[in-house]
Every structure is written in C-alpha cells, then in structure tokens.
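The values are calculated or read from the model by the stated rules, or taken from the named source; none is laboratory data. Keep in mind that this is a model prediction, so the values were computed, not measured. Note: ideal-geometry Cβ built from the backbone for every residue, glycine included; neighbour counts use all protein chains shown. Heads up: the accessible areas ignore ligands, DNA and RNA and are worked out on the full protein's heavy atoms, side chains in. Shrake-Rupley method; radii C 1.70, N 1.55, O 1.52, S 1.80 Å.
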Amino acid sequence: MSSSATEKTTNGTNGVQTKDRSNLIPFSSRLREGRALAQDVWSIFNAANLPSDCINLGQGYMNFAPPEWVKSAAEEALNSVATNHYSHPKGRLRLREALKAHYEPEFGRKLDVDSEILITSGANEGQYSVFVAFLEQGDEVIMFEPFFDQYLPSVTFNGGVPVYVPLHPPSHGKHNSREWSIDFDELRRAVTPRTKMIIVNTPHNPVGKVFTRDELEKIAAIAEEFNLLVMSDEVYDSLVFDDNEHVRIATLPGMWDRTVTVGSAGKMFAATGWRVGWLIGPASIITPTLAATTRIVFCSNSPLQEASAVGLEQAKKRGFLKKQCEEYAERRNILTDAFDKMGMNYTNPQGSYFVLLDISNVKWPEDYPFPESVLGRGRDFKACWFIAMEIGVSSIPVSEFYCEEHTSIGESYARFAFCKDVDTLRRAADRLQKLKKYLA
C-alpha cells in the first residue's frame, strides 16, 4: 500500500486510540508525474492571496464581454428548444459548416465537415482527446519550452513521456518574440525511437512568437523523417500583429496527413468560459479522436456552439477580427510603452496577448517576508510576488512553464496579459512606474 493510503493509529483527545482514515485509497501516480498535485502558479497568484486592489494581469482571461451580436446569438440559442439538448459528438453541424467556410481559404483545401472537423469542449479537451487517441504507454511527446502548462498533465495522464526542447531567448535587451530561436540540432537530438508526437504552439503562449515558415518547414522535415504526429496549437491565430505571417504547418507539403490543428472560440470571441474549441485534420486523426472525445464528454455545450457558429458566420463581414486585432495591438502598446518608460527590457510579442518582462534586475529587501509557496522555486516567483504586493499588479512567473532542468531560462521573465480593457491596462501601466525604484 502506498504512503498516501496508510491507515495510521493516533491517540484522540480522550486518550482512546483512533485510526486516521483520511487517506485510505491510494491515488494514481500519474497525478504526481503531471504536477497535478503540486501547488501550481494559478493557486499561488490567485486573487484571494493578493491585495484586494491588485490589478490582475497574470491570468489570461478577458475582463470584457464578447461582442453584443455574439451574446445575442447565445441568448437566442438558449431560448430555443433544440439547441438546449445534446449535440452530435462531432459538434453542431452549423458550427462545423461555419468552420469549413472560415478555414478553407486558410488551409487552401476543401474541408469535410463530417470527417475533418471536430468540435470539442474547449481547445484543451480537444488536445487531451488527441493524446487519449494516439499515445501508448512510454510514447514520447516533444514540447517547446516555455510550454502551456496543461500539456504536461495531459501527456502524462495518457502514458506519455514529455521531452523538452527550449526556445532560446536572445542575449541582448529589448527584443522581438521572433528572436526566441530553436536549436534544430537540439530538436533532432530529442527524437528517439519512442517519439510519437511534437507539439507546435503558434502564436506562442507565453512568448508571443509566431513561428516562421522556415522554422515550420524544418520542423515538418523532422516530422516527416521520423513519422511524427504534429499537434499544432493555433488558438491565438486571430491575434497576429504588425503584418506578421501566420503559417499553418498543416499547409506545408506532406503535412496535412500528419497534423491536427487546434482552435478556440474562447480566444476568438473573448468567451473563454464557453469552452468551445475545435480540431481540424485528416480523417485518420479526427476519427480516432472523435472516439476518444465521445467517451470523455460525449458532446460539447450546444447553445454556445450555436452562438460560436453565428460569430464565425458574421466575423469577416463585420470586419470583427481585423478590428479586434487592432484593439489588442493598442492594448499591447500600453504595456510596452510603460516598460519603455521604465527602461526595462521585454519581449515584444508578434501574436497572442502576453508580454514577457525581463525582471532579472528587480531587487527587494533581503528580509522581505515571502510566503512559503514561492520559496524554493525560480527567482521569478519572488519577483512576481513582490511586484504584486508592493506595486499592485499581478503577473505570472515564466519558470512555471519549464522543466526543472531549464528553470534558469524562464526565471528571468514575468508574463503580463494584455487581454484587459484599456482603462485597466493604463492603471496598471501607471502603477508599474513605481517599480523603477526597485531596479538594480
């Protein structure tokens, strides 16, 4: 019996011996391997632990509502009978047809709504279902660091073994996210006979890097050579700035047959709580994944699928995606202008809604009262805690998105989310100026 399931004998308050029955049943080791039981960054930097007036730029959720016309579509769906009941496990046909119309020009091919598009309960559940469908015990999955933290438990829960390849930040000060580079010799060395899959996240969370065509072609060549499945997490595909080109790896020669592309209504329409995502790929990938997702959730939220369909049907004719991208660029610039004014270095993102601030020169008193939860972790945990408590703006320490071996790469950075309204960002920018007195 594992230590988590021992029945201990203790003396009660009346001196009578009683048995501790609080941990009778052993939990699965996969929870430990996937960091699922560890106190994670989200619980440490939870609003409940921070000052009540702290401005939350840590977590990547919006503090504004979806567009009115999308909300109206959700209300209409809730007031209808059919859309309040089970959808087909593939997803509502109207949404799959809307995705077909939206993405066929992007992929440069016809898409079959029955076999090549699958609706999932958020992008995360879609990714999880792919792992369920394709991973055998001991299969290795390559992920670029820093990585979206849900990848790790999703891989390990399904018997997979994560293999980490870091993106390398430039050594100079202020820079563009494209300068975070891949060492392709390092990537090639990471491939073994057990490698099954590689995860590509572009635009990248948290770096904001939009992978170049050349980088994706080199990744594609390795995937072809070693027969790897590619999961292309493109949930920020509608948030690409400064005329950067978002290249879909599935469109490269030979890659459609081995790539599943992940998308999100939550990111596209500022509705992260709706949990509506999708997968696009060949039937050979979508069909097994459908079998998995059907047994995990059966179907996804019906009325909000319908509202997401309306959003996609009307987005281009309303000029919504272009306007939204311009608004996010404005929000980004509020933060980067503030960092410039402070004289601090940062990574200017090409996409997504995060900025990485270099906090390596932030200093605090030696006797500063840090909580136990941030001790023994990367230096960035202390920096982010100090900034939240003393400056009143929360952020997320980036070393959370690295394996232990590569923590030193991430601990120079804090992630600030700019998916907030302009007034909130301006208040945060003003507060952050107070950080100057703590810079070495």
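Before moving on, here are some points about what is shown:
- Ala283-Tyr86 FRET efficiency (beta carbon distance; Förster radius 30 Å; 0.05 resolution): 0.85
- Part-to-part distance (alpha-carbon centres) for the stretch 393-440 and the stretch 24-39, which is given in Å: 29 Å
- Rh by Kirkwood over Cα pairs, then Stokes-Einstein D for the stretch 51-108 at 0.890 mPa s and 25 °C, µm²/s: 163 µm²/s
- Cα-based equivalent ellipsoid of the chain: semi-axis lengths in Å, sorted from largest, via gyration tensor: 33, 30, 25
- Cα→Cβ-extended label distance, 7 Å offset, between Lys316 and Leu31, nm: 4.7 nm
- By accessible area with a 1.4 Å probe, ligands and nucleic acids excluded, highest first: order of Met62, Met255: Met62, Met255
- FRET efficiency for the His168 to Val16 pair, using the beta carbon distance and R₀ = 56 Å, is estimated at 0.35.
- Note on Lys434 and Arg213: with the Förster distance fixed at 51 Å, the Cβ-Cβ geometry gives a FRET efficiency of about 0.75.
- Taken as Cα centroids, the stretch 207-253 and the stretch 304-321 sit 25 Å apart, rounded to the nearest whole angstrom.
- Value of [θ]222 nm, deg cm²/dmol, for the chain, DSSP H segments ≥ 4, -39500 (n - 2.57) each, nearest 500: -10500 deg cm²/dmol
- Stokes-Einstein diffusion coefficient of the stretch 315-434, Kirkwood radius over Cα pairs, 4 °C, 1.567 mPa s, in µm²/s: 84 µm²/s
- Under 5 Å between amide hydrogens, built in the peptide plane, is the criterion, and for Asn176 it picks out Asn348 among residues at least 5 positions away or on other chains.
- 19 Å reach of a label modelled at Lys341, 7 Å along Cα-to-Cβ, counting backbone N of the stretch 419-440: 419-439
- Anchor Lys90: lysines whose Cα lies under 17 Å away (excluding residues fewer than 8 positions away in-chain): Lys100
- Only Cα pairs under 8 Å and 6+ residues apart enter the sum, and on that basis the relative contact order of the stretch 66-316 stands at 31 percent.
- Radius of gyration and maximum dimension Dmax of the stretch 66-316, Cα, Å: 18.0, 59
- Calculated from backbone phi, Karplus (6.51, -1.76, 1.60) coupling profile of the stretch 142-155 in Hz, x at Gly/Pro: 7, 9, 7, 9, x, 10, 4, 5, 6, 4, 4, x, 4, 6
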